[in-house]
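Working notes, beginning with the structure itself.
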Amino acid sequence: MNGKEGIINIVNQINGILTSIEDQLYKAPLAIYNGSSIGQHFRHIYDFFRCLARGASQHTVDYAQRDRDVRIEQDPLFAMSAFVQELESLLTLEEYTPVRVRGDFSTQNNAARPEYPSSIGREITFLHDHAVHHLAIIKIGLQMEAPELIKDHTFGVAPSTVKFRQQEA
């Protein structure tokens, strides 16, 4: 499986939840997240997809310049549509295309922001891993509030962990 197939898989997992989650649960502040919602975690994943799609055309990716569109964290069907749209954009990109990634390491507004060389493929790898991490967090909320929504045992689990568990079984 290549990077593009990996993010297709991630979006399929995301959409599996977005099509079945109740709006109220999606946007409800959860104690386990210190008042954040499941929708906010999905929005955060989406923002990184959007940053790469937008940055690719400018040859500079800046994950700190997120849109933070409230509609994505409030409406699961809107979020699903947005994910599909960004996935379609990402799938048109050539993985070996060089890009620069702008770092953001300080909380100071005027701090220098260095840029580092990368590629679309490397950034797709990052998107995948970042999404898996947040899906694991989403899974915790779902296990507490609506465990019946988790139908895929690999949801929120890194492929390397799935393979390791299969070898150990």
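The values are calculated or read from the model by the stated rules, or taken from the named source; none is laboratory data. Just so it is clear, the structure is predicted and the values come from calculations on it, not from any experiment. Neighbour counts are summed over all protein chains in view; Cβ atoms, including those assigned to glycine, are modelled from backbone coordinates with ideal geometry. Surface accessibility is based on the protein's heavy atoms, side chains included, excluding ligands, DNA and RNA. Shrake-Rupley method; radii C 1.70, N 1.55, O 1.52, S 1.80 Å.
Annotations
- For the range 65-162: rounded, prolate or oblate by the Cα gyration tensor [a/c cutoff 1.5]: prolate
- Contact order relative to length of the chain, as percent, for alpha carbon pairs under 8 angstrom and 6 or more apart: 24 percent
- Furthest towards positive pole of dipole, Ile140, Thr161, Gln85, structure part the chain, Cβ charges: Thr161
- Mean separation of Cα contacts under 8 Å, 6 or more apart, over the residue count of the range 54-132: relative contact order %: 29 percent
- Rolling a 1.4 Å probe over the protein heavy atoms of the range 85-155, with every protein chain left in place, gives an accessible area that is 53 percent carbon and sulfur.
- Relative to the dominant Cα principal axis of the chain, helix 38-58 is inclined by about 20°.
- Helix axis angle, 120-145 relative to the chain longest principal axis, alpha carbon, degrees: 20 degrees
- Loop-located GluC sites (Glu not before Pro) in the range 1-76 whose Cβ has at most 15 other Cβ within 10 Å (DSSP): Glu22
- The spacing between the range 97-169 and the range 15-69, judged by their C-alpha centroids, is 12 Å.
- The shape of the range 1-129 comes out oblate: with a ≥ b ≥ c from the C-alpha gyration tensor, a/c is at least 1.5 while a/b does not beat b/c.
- Shape call, the range 1-73: gyration tensor on alpha carbons, a/c limit 1.5: oblate
- Ranking Leu18, Leu25 by solvent-accessible area of protein heavy atoms (1.4 Å probe, all protein chains present), from largest to smallest, gives Leu25, Leu18.
- Accessible surface, per residue, of the chain when the full set of protein chains is kept, probe 1.4 Å, Å²: 55 Å²
- Taking every DSSP helix (H) stretch of at least 4 residues in the chain, weighting each as -39,500 (n - 2.57) and dividing the sum by the residue count yields a mean residue ellipticity at 222 nm of -19000 deg cm²/dmol.
- Modelled spin-label separation between Ile8 and Ala112, with each label point placed 7 Å from Cα along the Cα-to-Cβ direction: 4.3 nm.
- With DNA, RNA and ligands ignored, accessible area of Ser160 (1.4 Å probe; Å², nearest 10): 80 Å²
- Nearest 10 degrees, 0 to 90: helix 159-168 Cα axis against the chain principal axis: 50 degrees
- For the pair Gln166 and Met144, a Förster radius of 25 Å applied to the C-beta separation gives a FRET efficiency near 0.40, rounded to the nearest 0.05.
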